[in-house]
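Student: Before I ask anything, here is the structure I am working with.
The values are calculated or read from the model by the stated rules, or taken from the named source; none is laboratory data. Here the structure is a predicted model, which is why all the values come from computation and not from measurement. Please note: Cβ atoms are built from the backbone with ideal geometry, for glycine as well, and neighbour counts cover all protein chains shown. Keep in mind that these areas ignore ligands, DNA and RNA; they rest on the heavy atoms of the full protein, side chains included. Shrake-Rupley method; radii C 1.70, N 1.55, O 1.52, S 1.80 Å.
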Amino acid sequence: MPYKVSTKTIQGPLARKVKEMSGQDPNVCFQCGLCAGSCPMTGEMEIFTRRVMHMLQLGLADEVITQRMAHLCASCHTCEVRCPRGIEIPKVIEALRQLTLRAGENFLAPEGIPKERLKEMPQAAIVAGLRKFTG
């Protein structure tokens, strides 16, 4: 059963916004590393989920949203399943992704996709990508 007690307080307005949007308390994380160790996308990310949670605990959400990590998350929920504290980490990552998009920073530039590639891609994949990666 996950612990619900936190002795720390999340700092900074952006860090509080992440907590509010995700409904998850990053302060519950005790940095065991199971999330990062089981993530299939760690080879592509600059920072891993464990470090994201630590940065949020320190109130460094501004630095976290400048990373591409939130956009590279596959939303596979492996980190959530492995978390001994029961933190729904994909919700935290999605909140970070939404804050980035709300700031007007798109991860995907549709105009940059070659027309030949667009013809090959399934329309559902294109729409899903635009929803996830553009504001």
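Student: Could you count how many Lys pairs in the chain have their Cα atoms under 29 Å apart, skipping same-chain pairs fewer than 8 positions apart?
Tutor: 13
Student: Once you list every other residue whose beta carbon is under 11 Å from the beta carbon of C32, what net charge do they have if Lys and Arg are +1 and Asp and Glu are -1? Write down the numbers at each step before the final one.
Tutor: Values: positive: R50, R82, R85; negative: none.
Local charge sum for C32: +3.
Student: For the chain, just give the cysteines left without a disulfide-compatible partner, judged by no other Cys Cβ under 4.7 Å.
Tutor: When partners are defined as cysteine Cβ atoms under 4.7 Å apart, the chain leaves C29, C32, C39, C73, C76, C83 without one.
Student: Using only helices, what value at 222 nm comes out for the chain when you add -39,500 (n - 2.57) per DSSP H run of length 4 or more and divide by the total residues, to the nearest 500 deg cm²/dmol? Walk me through the numbers on the way to the answer.
Tutor: Details: 9 runs with 68 residues, N = 135.
It comes out at -13000 deg cm²/dmol, rounded to the nearest 500.
Student: For E111 paired with Q123, estimate the spin-label separation in nm (one decimal), with each label point 7 Å from Cα along the Cα-to-Cβ line.
Tutor: 2.4 nm
Student: Multiplying the sequence separation of M21 and E63 by 0.36 nm and subtracting their Cα-Cα distance, what value in nm do you get?
Tutor: Values: separation 42, 0.36 × 42 = 15.12 nm, distance 1.77 nm.
Using 0.36 nm per residue and subtracting the Cα-Cα distance, I get 13.3 nm.
Student: Here is a further query. With all protein chains present, calculate the accessible area of T42 using a 1.4 Å probe and round the result to the nearest 10 Å².
Tutor: Rounded to the nearest 10, the figure is 40 Å².
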